[in-house]
1. At 10 °C and 1.306 mPa s, grab the translational diffusion coefficient of the range 327-381 from Stokes-Einstein with a Kirkwood Rh over Cα pairs, rounded to a whole number in µm² per second.
2. In nanometres, what is the gap between the two model label sites at residue 45 and residue 255, each 7 Å from Cα along Cα-to-Cβ?
3. Helix 193-206 versus the longest principal axis of the chain: what is the Cα-based angle in degrees, 0 to 90, to the nearest 10?
4. Provide the packing ranking of 247-254, 167-174, i.e. peptides ordered by the mean count of other C-beta atoms within 10 Å per residue, highest first.
5. Quote the convex hull volume per residue of the range 213-362, based on C-alpha atoms, as a whole number of Å³.
6. Normalising by the residue count of the range 1-120, find the relative contact order in percent from Cα pairs under 8 Å and 6+ residues apart.
7. For an R0 of 35 angstrom, estimate the FRET efficiency from the Cβ-Cβ distance between residue 409 and residue 76 and round to the nearest 0.05.
8. I'd like the antiparallel share, as a percent to the nearest 5, of DSSP beta bridges with both residues in the chain.
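Please treat every number below as a calculation from the coordinates, not as lab data. Computed from a predicted structure; not experimentally measured. Reconstructed Cβ throughout: ideal geometry from the backbone, glycine too, with neighbour counts over all protein chains shown.
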């Protein structure tokens, strides 16, 4: 009887079995595969309790789809892979390619340690580094021309779901499933590939065709809620792109997927921007030191209802509506005059959908030091944003019980209502109109050294 040929499939940010080219590659060359997820000590240390709890649920869902054959092992990745190769006489290790700084460096170190990695596919429809300006073969620096070129480049159809996955059953010592507990009072969206596919199906039926209008309304279920599923690779962006048509709503959704890929491309070409300024002149701006005001922002006690609702949503759910992510980021940088890295790190700690590129560059875009091509300094008005995108006050009412007694749009200005502070809602920690002017004044101080924004 011929010996089994075995391959390792190393899962990282691809916790699914559908539309998974690396998994298919492993299956195609083997009679048996060894599926493994390695509990990375650094990931655990920096993961944040909510994200780790979500990951734990996602791993159990993946294990179920693999007929309870997922190897879960804690330790040094190189050591774990060597041990598995020796134990199972596995000839190859298959992975989805990584492009963000930590993942790419980790994989290079694994290869330097003597393990060959076979890369097939990536977490993106178009891998970072592939979309280049035809004029000089350099990366795009502005989103709109990137989007046009990204669409022109195109992407493959979703890969087929394997009919059969011949797995090696793990020993008990390779079943180190973590039991990361959620903080008290926190509720998370359901994790796993099945939950991702069900949610996308629901979104297609109930939200996709009105996405261009509904995605900004904080109180309704108008977004796809795909961000956490994309972060852990429970669904691939190709799967989301495949059914899209040419309507305005569908195109807006396609553009949101492209933003994720644009930021991944920016970080790939500028790895220092994970923590440093993309537009370096903004590092010279005057910023305040974090203190009580920063603490109030973190706790959702700024005295601005729309900001506070968003921050409390983050604390309670490990997720925040995209519109309000921009509002709270603008408030931190423009109203409190704090550096964007403080907010980036806080989001990193609490978001279940934390993505290094999207988080860093989403923050930099709002802070005005990123890839924004607009020649002006954008300052979000937290009151007007609330009135516009939570007109009836339902979003604020859901997360700020101190204001639940207020009706309609008045909830966004409790200081103008006689009983606005009846239930001890905090007073405003700053005056927005004053701080806006202060922010623009600080901009003027560095304007002399500010180059013109890129145009392509």
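1. So the translational diffusion coefficient is about 140 µm²/s.
2. Between residue 45 and residue 255, the simple spin-label model gives 4.1 nm.
3. Helix 193-206 sits at roughly 50 degrees to that axis.
4. The most tightly packed comes first, giving 247-254, 167-174.
5. Per residue, the Cα convex hull of the range 213-362 comes to 124 Å³.
6. After rounding, I find 34 percent.
7. 0.05
8. In the chain, DSSP labels about 5 percent of beta bridges as antiparallel.
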